[in-house]
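Below is one structure, written out as structure tokens; the observations come after it.
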Amino acid sequence: MTTRRKFLQLGTLASLAPVTKLFGYTPPPIVSKPVVISTWNFGVGANEEAWKILSNNGRALDAVEAGARVPEGDPKESSVGLGGLPDRDGRVTLDSCIMDEFANCGAVACLEHIVHPVSVARKVMEKTPHVFLVGEGALKFALDNGFKKEKLLTKESEKVWKEWLKTAQYKPVANIENHDTIGIVALDDKQNLSGACTTSGMAFKMQGRVGDSPIIGAALFVDNEIGAATSTGVGEEVIRIVGSHLVVELMRQGNTPQEACEKAVQRIVKNQPKKSKEIQVGFLALNKNGDYGAYALQKGFTYAVYSKEVPNKIFEAKSYY
Ligand code: SD4
């Protein structure tokens, strides 16, 4: 029979032991936090802003919003916010969403004239009983909440659009194309996850077209028990597989973030064997322990990581083709 004294000795042994299993005790996995990861090379600038918040004990939600605002406000980035390439009628329409550790979320789509749609999405999340506002309604809401109406079509973007009008052919080219969304996910010091996604969408799209970027579950999903995921690329293909939700559910089933991204990309290939050879889609995933992964259809999908171990570096994701 185990005496009380012997039992206490076992307890002390177990708590000191660095081994994986002792008397049925499994130590918690090592957690790397905080960490922020975001899509493409401009993720470095976004991570930089996000890290200021994360490294000061801040909330992941604030970090991803601050990060997403960096490319949104940069007129030289022609795929997000100010200076984004327009639709085929010359209108710059923006899509964005945000999600926090409590599964609160907000989104806007087809929003014109506002430089920071991610912040409007956050206001939708925090100030309305709804999740998603679009078009005129989203603009009215933004203006009512103090956002300024601005001209988003820059001289440069207008020039590119006018050039495109000469042939008016809609044919996205993988990586250099008319797309480059920022998706950003973070784990904060309190081990809470959040994410955001923001874009001007596919350049020269049809008027009214909405991609995956503002759709919770498609381009962004956060489950604070499991992990967070985000996507970039041809949104139609991501919507068809509810990509980011799929990645998070694959992690729930025991896959690493890397395996989950790979399986989501394989699902696209299975659905669209021919088309998948010509387009780009990339996924990023981050789990509750700060482990992350990335995978894309084509070569060339880059992402940026900022943690204590990896001080804001760009990596190229592995790809299916
Ligand atoms: C869209 N997914 O509108 C966006 C575009 C994008 O990298 O991600 N670009 O379909």
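For S194, which sequence-distant residues (separation of 5 or more, or a different chain) have an amide H within less than 5 Å of its own amide H, given hydrogens modelled in the peptide plane?
A186
Tell me, what HN-Hα J-couplings in whole Hz come from the Karplus equation 6.51 cos²θ - 1.76 cosθ + 1.60 at θ = phi - 60° for each residue of region 185-194, using x for Gly and Pro?
Whole-Hz 3J(HN,Hα) from phi for region 185-194: 10, 9, 10, 9, 4, 7, 6, 9, 10, 8.
For region 169-321, take every pair of Cα atoms, bin their distances at 10 Å starting from 0, and report each bin as a whole percent.
That works out to 12, 45, 34, 9, 1, in percent per bin.
Taking only DSSP H segments of four or more residues, each worth -39500 (n - 2.57), what value at 222 nm results for the chain once the sum is divided by all its residues, to the nearest 500 deg cm²/dmol?
-10000 deg cm²/dmol
Rounded to whole Hz and in sequence order, give me ³J(HN,Hα) for region 203-220 from the Karplus expression 6.51 cos²θ - 1.76 cosθ + 1.60, θ = phi - 60°, writing x for Gly and Pro.
3J(HN,Hα) across region 203-220, in whole Hz: 5, 6, 5, 5, 4, x, 5, 10, x, 7, 4, x, 9, 4, x, 8, 8, 7.
Which links in K33/K263; K155/K205; K155/K277; K171/K270 stretch past 30 Å when you go from one Cα to the other?
K155/K277
Roughly how big is the chain's charge dipole about its Cα centre, with Cβ charges of +1 (Lys, Arg) and -1 (Asp, Glu), in debye to the nearest 20?
640 debye
Using the scaling law 2.2 N^0.38 Å as the reference, what is the normalised Cα Rg of region 238-298?
1.06
Going highest first, how would you order 225-233, 308-316 by mean Cβ packing within 10 Å?
225-233, 308-316
Which of R267, R122, R69 comes first, and how do the rest follow, when ranked by fewest Cβ neighbours within 10 Å?
By the 10 Å Cβ count, ascending, the order reads R267, R69, R122.
Taking the highest mean first, how do the peptides 144-151, 297-304, 205-212 order by number of other beta carbon atoms within 10 angstrom per residue?
Final packing ranking: 297-304, 205-212, 144-151.
Which residue, K277, K33, K288, has the most motion in a Gaussian network model of the chain that connects Cα atoms within less than 10 Å?
Maximum among the listed residues: K277.
Read the figures in this text as sums done on the coordinates, not as results from a lab. Fair warning: this is a prediction, and the values are worked out from it, not measured in the lab. Cβ sites come from the backbone with ideal geometry, for glycine too, and all protein chains shown count toward neighbours.
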